[in-house]
Amino acid sequence: MLRMFAAVAGLLVCTSLAHTQVPDCKQANPIFRETGCCTRSPANANELQRRINDCTKFLSLAGTSKVDQSIAYLVRGRGYALMGQLERAFADFDKAVELDPRSVHAYLSRGREYQTKRQFDRAMADFHKAIELNPSSEVAFRVRGSLHYSMSQFHQAIADYDRAIELDPHSAQA
């Protein structure tokens with residue numbers, strides 16, 4: 001019974017990871033919207049490449065804050081990850097963390113890619129850091145639960161999924 005619950009919970013988390021949101025771009029620098037770096041989710045590879053190009057253009061602008069630059073690196077890194085360019089994705093996630101060490105989204109994004117590469121220790125470190133930075137993050141507990149599930153640590157996975165549900169009982173993903 002425990003294995004069945006863990007399998008269903010793991011499937012729900014894994015299918016929802018692609019829909020996890022990046023930081024709220026509406027609150028970010030208006031230049032994001034002007035360059036197109038932080039617009040709706042890309043629908044296809046051409047839009048995804050355009051998003052990457054727009055973020056690169058944004059990063060070349062002078063006078064942007066470290067937090068805004070971190071968001072641009074994060075968004076571009078997510079684009080690279082979706083395009084399968086993992087070295088570039090990791091470089092951007094690392095830069096996002098360097099520029100804004102309090103960015104929960106940067107740690108979660110990098111951790112998910114570590115999990116994909118089966119570098120579970122690194123993924124766990126990033127997920128722990130995300131939870132340390134925001135212990136009220138339903139997403140952080142959910143993705144850490146998926147990591148525990150990947151590692152066949154079903155009791156820990158259930159504990160994290162339970163905590164995610166406590167934090168957001170209305171979340172369809174939890």
Task: Pair list, Cβ under 9 Å, 6 or more apart: region 66-83 residue under 10 Å from ALA96 (Cα atoms) and of a type in the set (Phe, Trp, Tyr), other residue assigned to a helix (DSSP H, G or I) and modelled with pLDDT under 95 - done: TYR73/CYS55; TYR73/LEU59
- [ ] Identify all residues within region 139-174 that are at pLDDT 95 or above, charged (D, E, K, R) and either within 23 Å of PRO101 (Cβ to Cβ) or surrounded by 15 or more Cβ atoms within 10 Å (Cβ to Cβ) (or both); write none if there are none.
- [x] ARG142, ARG144, ASP160, ARG163
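Would you be able to say whether some residue in region 69-92 is of a type in the set (A, V, I, L, M, F, W, C), on the phi < 0 side of the Ramachandran plot and touching a Lys or Arg at 6+ places or on another chain (Cβ under 6 Å)? Show your work before the answer.
Step one: filter region 69-92 for residues of a type in the set (A, V, I, L, M, F, W, C), giving 71-72, 74-75, 81-83, 86, 89-91.
Then drop every residue that is not on the phi < 0 side of the Ramachandran plot, which leaves 71-72, 74-75, 81-83, 86, 89-91.
Now drop any that are not touching a Lys or Arg at 6+ places or on another chain (Cβ under 6 Å), which leaves none.
The answer is no, given that none of the residues of region 69-92 is of a type in the set (A, V, I, L, M, F, W, C), on the phi < 0 side of the Ramachandran plot and touching a Lys or Arg at 6+ places or on another chain (Cβ under 6 Å).
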Task: Of residues in region 100-138 being of a type in the set (Val, Ile, Thr) and at pLDDT 95 or above, the one nearest to ARG163 (Cα to Cα) - done: ILE131
Task: When residues of region 45-92 are limited to those that are assigned to a helix (DSSP H, G or I) and among the hydroxyl-bearing types (Ser, Thr, Tyr), the one surrounded by the fewest Cβ atoms within 10 Å (Cβ to Cβ) - done: THR56
Task: Hey, LYS95 outside any loop (DSSP other than H, G, I, E, B), at pLDDT 90 or above and of a type in the set (D, E, K, R) or not - done: yes
TODO: Could you pull out the residue among TYR73, TYR161 that is touching a helix residue (DSSP H, G or I) at 6+ places or on another chain (Cβ under 6 Å) and either closer than 30 Å to ALA45 by Cα or not hydroxyl-bearing (Ser, Thr, Tyr) (or both)?
DONE: TYR73
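The values are calculated or read from the model by the stated rules, or taken from the named source; none is laboratory data. Fair warning: this is a prediction, and the values are worked out from it, not measured in the lab. Note that we place each Cβ from the backbone using ideal geometry, even for glycine, and neighbour counts take in every protein chain shown.
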